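Below is one structure; the comments refer to it alone.
The values are calculated or read from the model by the stated rules, or taken from the named source; none is laboratory data. Small disclaimer: the values here were computed from a predicted structure and weren't measured. Cβ: placed from backbone, ideal geometry, glycine included. Neighbour counts: every protein chain shown.
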């Protein structure tokens, strides 16, 4: 049984108490309609409750949270707030909950899924859940070293695909707050991050437009989500959080592109495991091919990611090697997804990508392209060619 102290206006308290009454695993032990009374009750009954749910005005909530913070981890504080205010309240060690769905958030936090009684959260989810779009796909890009072009390729694929279908790009790199793929897409200011999804209202994951509120717009048609926007958010990233976010995004986007970079963290491993296709990005340089061999034989998590998902993208391919690209990939026992056109500089490569994007958009309507076909046209290569 989870006991909760509730503080807020009379109408807020009445509504929350009526919702708590529907869940036998929750009980409201304290309630107060003004901050002073709630603080006094908490001071007198330290440890009497497991959580505190606040619905006062912002300055009053902050005042109560200061008292709660003095008690360390005695209570788990929740704040009724508009969606997207994770950063503001997480700094005070509080969990923001979407207004009108506070009890659902509390149930989710404490994982109230006992076999007896009604799970209020599960009940809400059952009413709204539905199958993900049949065509929705997750494509993950990973490399064995930095500088192979993983972010550049992922960003430009997302930009190209967004011209035809709803597309979102996720960056899992936590080592740089200034996201490289985000810069490529023109995401100038990112207010939302993967860490922000901690307070996502999963019970309403099918509601139209709900996922977009937890993403960032870019100068292109693609949406963007960095792993973090502040250093202190790194500790909140988990494999489960990534899995939850991908599950929601599949319901709203036809294509989710994940840039896993060269660092295998918990969230990038989760993305690789859940992806429909995984693209290993490398260059044909001898050192990079040796690194790829070591990566595949000693590091890559084949226990979670089957080899059938994998294919290779050869980037920065020098002139004259186009016809041998398929044989290079075959040497690793993997198919070639695409070979990047030759380019002497980033500017030249960018111009080639622009030409290829125009070429893709000018194709006549017909049978929808699969992701591999889209990559073939994107790079202008012939995937799997070994002549």
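Report the residue count in the range 1-55 for those that are in contact (Cβ under 8 Å) with a residue 60 or more places away in the chain and loosely packed, with under 15 Cβ neighbours inside 10 Å.
Qualifying residue count for the region: 1.
Determine, yes or no, whether residue 121 is part of a loop (DSSP other than H, G, I, E, B), buried (at least 20 other Cβ atoms within 10 Å of the Cβ), at pLDDT below 80 and not assigned by TED's automatic domain parsing to the domain that holds residue 236.
Criteria not met by residue 121.
I'd like the residue in the range 163-176 that is touching a strand residue (DSSP E or B) at 6+ places or on another chain (Cβ under 8 Å) and more than 16 Å from residue 271 (Cβ to Cβ) and, out of all such residues, is surrounded by the fewest Cβ atoms within 10 Å (Cβ to Cβ).
Going through the qualifying residues, I end up with 165.
Report yes if residue 276 is within 25 Å of residue 226 (Cα to Cα), in contact with a strand residue (DSSP E or B) (Cβ under 8 Å, 6 or more places away or on another chain) and surrounded by fewer than 17 Cβ atoms within 10 Å (Cβ to Cβ), otherwise no.
Values: within 25 Å of residue 226 (Cα to Cα): yes; in contact with a strand residue (DSSP E or B) (Cβ under 8 Å, 6 or more places away or on another chain): yes; surrounded by fewer than 17 Cβ atoms within 10 Å (Cβ to Cβ): yes.
Considered against the rule, which asks whether it is within 25 Å of residue 226 (Cα to Cα), in contact with a strand residue (DSSP E or B) (Cβ under 8 Å, 6 or more places away or on another chain) and surrounded by fewer than 17 Cβ atoms within 10 Å (Cβ to Cβ), residue 276 comes out as yes.
Consider residue 97 carefully, then state whether it is outside any helix (DSSP H, G or I), within 13 Å of residue 199 (Cβ to Cβ) and at pLDDT below 85.
On the way: outside any helix (DSSP H, G or I): yes; within 13 Å of residue 199 (Cβ to Cβ): yes; at pLDDT below 85: yes.
When the stated conditions are applied, residue 97 passes them.
Looking at residue 44, is it in the same structural domain as residue 67 (by TED's automatic domain parsing), farther than 14 Å from residue 63 by Cα and within 34 Å of the chain's Cα centre (by Cα)?
no
Give the number of residues within the range 180-211 that are in contact with a strand residue (DSSP E or B) (Cβ under 7 Å, 6 or more places away or on another chain), at pLDDT below 90 and within 15 Å of residue 256 (Cβ to Cβ).
Summing the residues that are in contact with a strand residue (DSSP E or B) (Cβ under 7 Å, 6 or more places away or on another chain), at pLDDT below 90 and within 15 Å of residue 256 (Cβ to Cβ) in the range 180-211 gives 2.
Regarding residue 41, is this residue outside any loop (DSSP other than H, G, I, E, B), farther than 14 Å from residue 94 by Cα and at pLDDT 90 or above? Give the steps one after another, and end with the answer.
Working: outside any loop (DSSP other than H, G, I, E, B): yes; farther than 14 Å from residue 94 by Cα: yes; at pLDDT 90 or above: no.
So residue 41 fails the test.
Do we have residue 148 as at pLDDT 80 or above, surrounded by 24 or more Cβ atoms within 10 Å (Cβ to Cβ) and over 25 Å from residue 240 (Cβ atoms) here?
Working: at pLDDT 80 or above: yes; surrounded by 24 or more Cβ atoms within 10 Å (Cβ to Cβ): yes; over 25 Å from residue 240 (Cβ atoms): yes.
Yes; evaluated as a whole, the condition is true for this residue.
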